[in-house]
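A short reminder: the numbers here are calculations on the coordinates, not readings from a lab. Here the structure is a predicted model, which means the values were calculated and not measured. As a convention, Cβ positions derive from the backbone with ideal geometry for all residues, glycine included, and neighbour counts pool all protein chains shown.
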């Protein structure tokens, strides 16, 4: 089973930024919630700050980060600042 250590956080290439702009946008106010991934999610944060945790570790990311969550990951999202992101499931 994937863990938070399997989440990829990096800066996007110019091509990736351009592709993301065609994806839907998701927005959320500061909150904490559990989430289970049934598909791989790729997203680009437009604004906000997030911490994602599992039972062993956590990862932080924010505006400008390109993030890939693996299928099968079970985690808790802690949205610390209002989030707006492009997202795509595959």
Relative contact order %, the chain, counting alpha carbon pairs below 8 Å whose residues are six or more apart: 45
Sorted by Cβ density within 10 Å, fewest first, the residues 57, 90: 90, 57
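Quick one: what do you get for the chain if you divide its Cα Rg by 2.2 N^0.38 Å?
Details: Rg = 12.1 Å, N = 90, 2.2 N^0.38 = 12.2 Å.
My calculation over the Cα atoms of the chain gives 1.00.
For residue 27 and residue 89 in the same chain, what is the full-extension length gain: residue separation times 0.36 nm, less their Cα-Cα distance, in nm? Before the final figure, lay out each step's value.
Numbers: separation 62, 0.36 × 62 = 22.32 nm, distance 1.59 nm.
Result for the pair: 20.7 nm of gain on full extension.
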